[in-house]
Amino acid sequence: MLIDLRSDTVTKPCDNMRAAMAKAEIGDDVYGDDSSVNRLQEMICEMTGKQAALFMPSGTQANLIAVMTHCKRGESFVVGQSAHIFQYEAGGTAVLGGLLPYAIENESNGTIKLEKIKKSIKPKDIHFSPVSLICLENTFNGKVIDLDYQNEIAQFAGDKKLMMHLDGARLFNASVATKQSIEALTKPYDSVSICLSKGLGAPVGSLLCGSNEYIEEARHWRKMLGGGLRQSGILAAAGIYALENNIERLNDDHELAEYLAAELKNLGIKIKDNRAHTNMIFIEDKEEILINLNKWMKSKNILLSYSGQGESMRIVIHKDIIKDDIQILLDNWKMFLNANQ
Ligand SMILES: *Cc1c(COP(=O)(O)O)cnc(C)c1O
């Protein structure tokens, strides 16, 4: 048996979700005829309070299209230096969008300082690539981003006539952790992308939300990028099931992450910020120890997220992990510590 703690993307559809997929009503979504896709898009509009939504194969595509729809070729957008859009999306905005990321260092709480954003805004001048968009991410490495901060940035963006995009891949984790509605968390933004295939447990899919006009234009980019799918209601049905059944249970993941963090602290393990953030824990130790720990766990069929270098290792809790798995992890960790003293 494998205990996979690398990411919440490894979650597999449960039998009930598969049953919902099997009996989904479908049509050709490029023609707008897939009733399951349409229903999923309506559901997320209701939750976010945005006018329209578009179903996409991945969060990477949703963010790429989000940014391409906001910005014209040659423009810049502000983004966190450690943000997913900047670090982990293969440079798509530059390669495919002709856009210049203006990357600003993230603070440890996931924000980027307003003073630094202000410096990105230059006077109108033929030499400069004008900034037209600010992108934020919530949750950021599992951390919930302060809503007052986001409102402050949105106020600034409004004054400067900049658009606001939220990479909300794990926004539902932020919502259940803070008991704030998705609508409240997306209000400061013109657009938001949300992943169904992480903690929510769908096999595939992300949603991009925004105004009617914005989503109409996004639909054009989605087609160009090859994201126009046909009978995608089979996939959307999994998303509908996820939104109906898997939101509140994210609390279980957060509780289990807290439990694990407390138990690891008892073992003397150093944890970043001394706590779990939503469904994530970051272990801090010397590189050689993390390399050995990762190998040790792998030999016991336990997978952790470690790049093979650096002094930080990620553990992610998700719906396919139960407390017994965590017990097995802890037992193996104790054995590792005994063997390496
Ligand atoms: C996973 C993730 C994405 C992209 O999702 P994919 O579906 O894997 O392309 C975007 N942003 C953040 C913050 C993520 O964690």
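The values are calculated or read from the model by the stated rules, or taken from the named source; none is laboratory data. All values reported here derive from a predicted model rather than from experimental measurement. Note that each Cβ is placed from the backbone with ideal geometry, even for glycine, and that neighbours are counted across all protein chains shown. Accessible surface is based on the protein model in full, side chains and every heavy atom, while ligands, DNA and RNA are left aside. Shrake-Rupley method; radii C 1.70, N 1.55, O 1.52, S 1.80 Å.
Nearest 5 is fine: what % of DSSP beta bridges in the chain come out antiparallel, could you say?
In the chain, approximately 50 percent of DSSP beta bridges are antiparallel ones.
Can you give the helix-only mean residue ellipticity at 222 nm for the chain, where every DSSP H stretch with n ≥ 4 adds -39500 (n - 2.57) and the sum goes over all residues, rounded to the nearest 500 deg cm²/dmol?
-13000 deg cm²/dmol
Ignoring solvent entirely, what values of log10 I(q)/I(0) come out of the Debye formula for segment 148-205 at 0.14, 0.17, 0.22, 0.23 Å⁻¹ when each Cα is a single scatterer?
Reported log10 I(q)/I(0), two decimals: -0.43, -0.59, -0.87, -0.92.
Suppose all protein chains stay in the model; what accessible area per residue would a 1.4 Å probe give for segment 215-341, in Å²?
Here the per-residue accessible area is 50 Å².
Convex hull volume of the Cα atoms in segment 134-276, per residue, in Å³?
Dividing the Cα hull volume of segment 134-276 by its residue count gives 136 Å³.
In units of 2.2 N^0.38 Å, what is the alpha-carbon radius of gyration of the chain?
1.03
Could you tell me what percent of the accessible area of segment 166-292 is made up of carbon and sulfur, with a 1.4 Å probe and every protein chain present?
Ligands and nucleic acids excluded, carbon and sulfur reach 47 percent.
Sort the following peptides by mean Cβ neighbour count (other Cβ atoms within 10 Å, averaged over residues), highest first: 85-93, 121-129.
85-93, 121-129
Rounded to two decimals, what ratio of Rg to Rh does segment 28-74 give with C-alpha atoms and a Kirkwood Rh? Could you put the intermediate results ahead of the total?
Numbers: Rg = 12.3 Å, Rh = 12.0 Å.
Expressed as Rg/Rh, it is 1.03.
For the residue pair residue 231 and residue 324, what label-to-label distance in nm results when each label sits 7 Å from Cα along the Cα-to-beta-carbon direction?
3.8
Can you tell me the FRET efficiency between residue 263 and residue 15 if r is taken as the Cβ-Cβ distance and R0 is 30 Å, rounded to the nearest 0.05?
My answer for the efficiency is 0.45.
Counting just the Cα atoms, what span does segment 40-140 cover along each of its three principal axes? Round to the nearest Å and put the largest first.
43, 31, 26 Å, listed from the longest principal axis down.
For the chain, with a Gaussian network of springs between Cα atoms less than 10 Å apart, report the residue from 135, 71, 14 with the top mean-square fluctuation.
14
By what distance, in whole Å, do the Cα atoms of segment 220-322 stretch along each of the three principal axes, largest value first?
Rounded to whole Å, the extents work out to 51, 31, 27 Å.
Roughly how many Å² is the accessible area per residue of segment 111-154, as a whole number, for a 1.4 Å probe? Please list the in-between numbers first.
Numbers: 2320 Å² over 44 residues.
For segment 111-154, the solvent-accessible area averages 53 Å² per residue.
Just to check I understand the Karplus step: with θ = phi - 60° and J = 6.51 cos²θ - 1.76 cosθ + 1.60, what whole-Hz values come out for segment 190-198, glycine and proline as x?
7, 8, 8, 10, 9, 8, 8, 9, 9
Between residue 146 and residue 6, how many nm apart are label points set 7 Å from Cα along the C-beta direction?
Label-label distance for residue 146 and residue 6, simple model: 3.6 nm.
Report, ordered by chain and residue number, the lysines lying within cross-link reach of residue 113, taken as a straight Cα distance under 29 Å and ignoring same-chain residues fewer than 8 apart.
Cα-Cα hits under 29 Å: 50, 72, 122, 124, 143, 160, 161, 179, 187, 198, 270, 272.
Mind jotting down the distance between the C-alpha centroids of segment 152-209 and segment 69-133, whole Å?
Taking the Cα centre of segment 152-209 as reference, the centre of segment 69-133 is 18 Å away.
Summarise the accessible area of segment 1-145 (1.4 Å probe, protein heavy atoms) by the percent that is carbon and sulfur.
Of all accessible area on segment 1-145, carbon and sulfur atoms account for 51 percent.
Say R0 is 41 Å: what FRET efficiency, to the nearest 0.05, do residue 216 and residue 251 get from their beta-carbon distance?
0.70
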